[in-house]
Amino acid sequence: MLLLVASAGFAQRRGRAGATFPILMPDAFNGGFLFCRIAFRNQPAGDGGGWSVDYPRADMNLPFRLSELTKTPVSRDALGQINHIVIRLTDPQLYQCPFVMMTEPGGAYFDDAEAGALRTYLQKGGFLWADDFWGTRAWQTWAGEIAKALPPGEYPIVDVPLEHDLFHTLYDVRAVPQVPSITFWAFTGGRTSERGADSAVPHVRAIFDAEGRIMVLMTHNTDFGDAFEREGDNHEYFLEFAPPGYAFGVNTLLYAMTH
C-alpha cells in the first residue's frame, strides 16, 4: 500500500466522518478512461450513507472490467494499477472528467456553488451517474438537490425506456436488474428490495439535454456499485449480480463516452 501511494503521488484530503481520501495528481489524466467519484456532504433529512459507499473497489473494478470487455484504454499508474480520483464539485479537476459517479445520493446536499458547478459541468457535456438510493425519502431528497442544478421545468426527470440506446450500446440489457447490497442480500436470505414495498421496483431515470443525450443517469432502488465492489466476496452473489451489473455498467460508460 505504501509503495502504491508513493508511486501514484497521492495527496490526502479530509473526507466524510474525518476519513481521508486520495486525490491523484494530474498525471492520472493521461488519455485513458478515469473513474471520477464525487465527494459530497450529507443532510440530516436525507437517506444515504455518504459519498464513500462502494469506494474504492468499485472505482477500480469497473474500469478494469471495461478494459477486459472492450478495447477502451483506461488510466493506470506506473505500476499498472487502475487510477481513480475523488473530487468535490467545486474542484477544477471536475472539468477533466467526462464521467463522474455519486453513490447513495439520497442523502446528498448541494450548496449554491456546488449546484452551479454541476450545472456548468453538465451543460459543457459532462455525464453524472447517481446510483444506490432506495425508497421514497431518498428519491425526494435527491430530486430536490439535483433540481438546484437542473430545474425540472427546463430539465425534467424521465424514465429511460428499455428501447433506448443506453441498454444496447454493447450488451443487450432487457430488464432493469435490482442489485441489493451484499450485506442485505446475505442477511435476508436473498431478498433484493432494501426498503421492502417502498423500493420493490428498480428504475433507470435520466435528465436529457436539448439534443436528447443523457446528462444525468439515475439508478433508483438498485445498487450497481455493489455488483462492482463485491464481485470477489461471494461466488453466488457474483454469479447472480455481477453479469447484469457489468453489462449495464459497461453500456453506461460506453454511452457516456460516445454521446
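Below is a table of values for the structure above.
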{"quantity": "Of all DSSP beta bridges in the chain, antiparallel share, percent nearest 5", "calculated": "50"}
{"quantity": "Student exercise, the chain dipole from Lys, Arg, Asp, Glu Cβ charges, in Debye to nearest 20", "calculated": "480"}
{"quantity": "Of every Cα-Cα pair in segment 57-118, the percent that sits beyond 17 Å", "calculated": "52"}
{"quantity": "Cα-only radius of gyration and Dmax that characterise segment 183-242, units Å", "calculated": "14.5, 45"}
{"quantity": "Heavy-atom SASA rank of Met257, Met215 (probe 1.4 Å, accessible area, largest first)", "calculated": "Met257, Met215"}
{"quantity": "Largest-first ordering by accessible area, 1.4 Å probe, given options His164, His84", "calculated": "His164, His84"}
{"quantity": "Nearest-20 debye value, segment 152-248 charge dipole, Cβ charges on Lys, Arg, Asp, Glu", "calculated": "200"}
{"quantity": "Exposure ranking of His220, His259 by accessible area [1.4 Å probe, largest first]", "calculated": "His259, His220"}
{"quantity": "Pairs of alpha carbons in segment 133-234 whose separation is greater than 22 Å (percent)", "calculated": "38"}
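The values are calculated or read from the model by the stated rules, or taken from the named source; none is laboratory data. These numbers were taken from a predicted model, which means no experiment stands behind them. Virtual Cβ from ideal backbone geometry, glycine too; neighbours counted across all protein chains shown. Accessible surface is based on the protein model in full, side chains and every heavy atom, while ligands, DNA and RNA are left aside. Shrake-Rupley method; radii C 1.70, N 1.55, O 1.52, S 1.80 Å.
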